[in-house]
Amino acid sequence: MNYQKILEEITTQTNHLQEKGKIASYIPELAKVSRDSFGISLHFLRGDHYWIGDADKRFSIQSIAKVFSLSMAIGLLGEKIFQRVGVEPSGTAFNSLLQLDYERGIPRNPFINAGALVIMDILFSELKHPKQALLDFVRKLSGNSDIDFNQAVVTSEKSQGFRNTALANLLKSHRNLNNEVEEILDFYFHLCSIEMSCNELSHTFLGFANHGKIPGSDEQILSTSQTKRLNALMQTCGFYDEAGEFSFTVGLPGKSGVGGGIVAVYPEKFSISVWSPELNEKGNSIRGMKTLELFTTKSKLSVF
């Protein structure tokens with residue numbers, strides 16, 4: 001199959017979706033990104049790689065990075081972490097205070113903001129140098145020592161992080177945050193500020209398509225069973241309250257971020273990422289969602 005041609009066709013067929021959404025301007029630094037940015041990257045486990053557009057341009061991956069923090073936590077403590085965070089789709093906004101309070105401080109899943117804060121709290125307690133350990137983990141997965149936090153994004157998020165602060169305090173009030181609120185928020189904002197390109201993302205996520213083993217090495221970051229559970233969470237919870245729509249139209253485990261990125265995997269086959277910063281009302285990339293729907297339709301590569 002000519003995958004490069006498929007990417008070219010999709011680029012043309014989705015071009016009309018430019019300027020149909022809104023950039024995540026509530027984080028001031030993200031508002032500076034060009035609306036016209038668009039890239040796709042497709043990495044197969046067998047080694048071939050196809051890409052188009054701005055696939056080499058780095059952007060703030062935001063909530064996509066929650067897959068990395070969750071992987072670290074599962075690798076350190078296994079399923080013990082799910083005593084403090086659930087595995088169910090949220091059905092509400094990713095930053096809902098009402099749901100968290102109603103459910104007595106146990107977040108629905110690790111990918112909504114409250115759940116990610118709990119995961120950061122777990123890592124903060126387990127790691128001697130949490131931020132450096134997180135960065136080292138992502139660099140190891142990606143094979144790229146240049147990946148880093150964007151300090152301007154960290155500052156930008158802190159300046160407008162009122163709702164995340166409220167979530168952290170609510171978790172603390174329900175005794176589901178063991179460390180200081182300010183420390184966990186700082187760690188969380190650094191997580192979300194990680195910058196990667198589509199090419200780097202699709203390459204990095206190959207480990208989750210490869211039963212937890214980094215391709216080209218003997219290093220197993222997660223067991224086969226743990227990777228299965230991680231991919232299941234991406235399938236059911238990776239797109240907040242639009243996870244059902246993504247499963248219905250795309251049919252792959254994946255994760256989105258308000259920076260406009262989306263990455264998805266087909267176990268034992270490939271990883272694909274797309275970046276287009278204009279979002280729908282649910283916080284997912286409009287052009288990115290359509291791009292992946294068209295890709296699985298044209299290639300007939302879906303887990304369903």
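The values are calculated or read from the model by the stated rules, or taken from the named source; none is laboratory data. Keep in mind that what you see is a predicted model, and the values were worked out from it rather than measured. Please note: Cβ atoms are built from the backbone with ideal geometry, for glycine as well, and neighbour counts cover all protein chains shown.
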Check L177, L135, L167 and return the single one that is in contact with a Gly (Cβ under 9 Å, 6 or more places away or on another chain) and either surrounded by fewer than 23 Cβ atoms within 10 Å (Cβ to Cβ) or at pLDDT 95 or above (or both).
L177
Would you mind finding the one in I286, I221, I262 that is among the β-branched types (V, I, T), surrounded by fewer than 24 Cβ atoms within 10 Å (Cβ to Cβ) and closer than 28 Å to E29 by Cβ?
I286
Under 20 Å from R287 (Cβ atoms) and loosely packed, with under 15 Cβ neighbours inside 10 Å, is that true of K57?
no
Which condition breaks for K140 when tested against (1) of a type outside the set (A, V, I, L, M, F, W, C); (2) surrounded by fewer than 20 Cβ atoms within 10 Å (Cβ to Cβ); (3) closer than 22 Å to G260 by Cα?
(3)
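Does F38 satisfy being among the hydrophobic types (A, V, I, L, M, F, W, C), over 23 Å from I214 (Cα atoms), modelled with pLDDT of 95 or more and in contact with a Gly (Cβ under 6 Å, 6 or more places away or on another chain)?
On the way: among the hydrophobic types (A, V, I, L, M, F, W, C): yes; over 23 Å from I214 (Cα atoms): yes; modelled with pLDDT of 95 or more: yes; in contact with a Gly (Cβ under 6 Å, 6 or more places away or on another chain): yes.
Against the criterion (among the hydrophobic types (A, V, I, L, M, F, W, C), over 23 Å from I214 (Cα atoms), modelled with pLDDT of 95 or more and in contact with a Gly (Cβ under 6 Å, 6 or more places away or on another chain)), F38 qualifies.
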I need every pair where a residue in the range 166-180 that is closer than 15 Å to S125 by Cα has its Cβ under 8 Å from the Cβ of a residue that is at pLDDT 95 or above and of a type in the set (A, V, I, L, M), sequence separation at least 6 or different chains.
K172/V181; N176/I106; N176/V118; L177/L117; L177/V118; L177/A168; L177/L171; L177/I184
Give me the pairs, please: first residue somewhere in the range 83-105 and more than 25 Å from P253 (Cβ to Cβ) and at pLDDT 85 or above, second residue anywhere and in a helix (DSSP H, G or I) and not polar (S, T, N, Q), beta-carbon distance under 7 Å, and either six or more positions apart or on two chains.
L97/A166; L97/L167; L97/L170; D101/L170; G105/L170; G105/L171
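Kindly indicate which of A55, A73, A24 is within 18 Å of F205 (Cβ to Cβ), aliphatic (A, V, I, L, M) and in contact with a strand residue (DSSP E or B) (Cβ under 8 Å, 6 or more places away or on another chain).
Working: A73 fails: in contact with a strand residue (DSSP E or B) (Cβ under 8 Å, 6 or more places away or on another chain); A24 fails: within 18 Å of F205 (Cβ to Cβ).
After ruling out the rest, the residue left standing is A55.
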State yes or no: is G207 at pLDDT 95 or above and either surrounded by 24 or more Cβ atoms within 10 Å (Cβ to Cβ) or more than 17 Å from the chain's Cα centre (by Cα) (or both)?
yes
What number of residues in the range 117-132 are crowded, with 19+ Cβ neighbours inside 10 Å and over 14 Å from N178 (Cα atoms)?
1
Subset of the range 149-169, residues farther than 23 Å from K80 by Cβ and either touching a helix residue (DSSP H, G or I) at 6+ places or on another chain (Cβ under 7 Å) or of a type in the set (G, A, S) (or both), comes to F149, A152, V154, S156, E157, K158, S159, G161, N164, T165, A166, N169
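Residues are listed down the side, and each one gets a yes or a no for (1) farther than 23 Å from I52 by Cα; (2) among the hydrophobic types (A, V, I, L, M, F, W, C):
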position	(1), (2)
E242	yes, no
V250	no, yes
E278	no, no
K298	no, no
Please tell me if A243 is at pLDDT 95 or above, under 17 Å from L70 (Cβ atoms) and under 16 Å from the mean Cα position of the chain (by Cα).
no
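Out of the range 251-304, which residues are in contact (Cβ under 8 Å) with a residue 24 or more places away in the chain and of a type in the set (D, E)? Write out each step before concluding.
Initially, the range 251-304 is screened for residues in contact (Cβ under 8 Å) with a residue 24 or more places away in the chain, giving 251-280, 282-296, 298-299, 301-304.
Across the range 251-304, the qualifying residues are E268, E278, E293.
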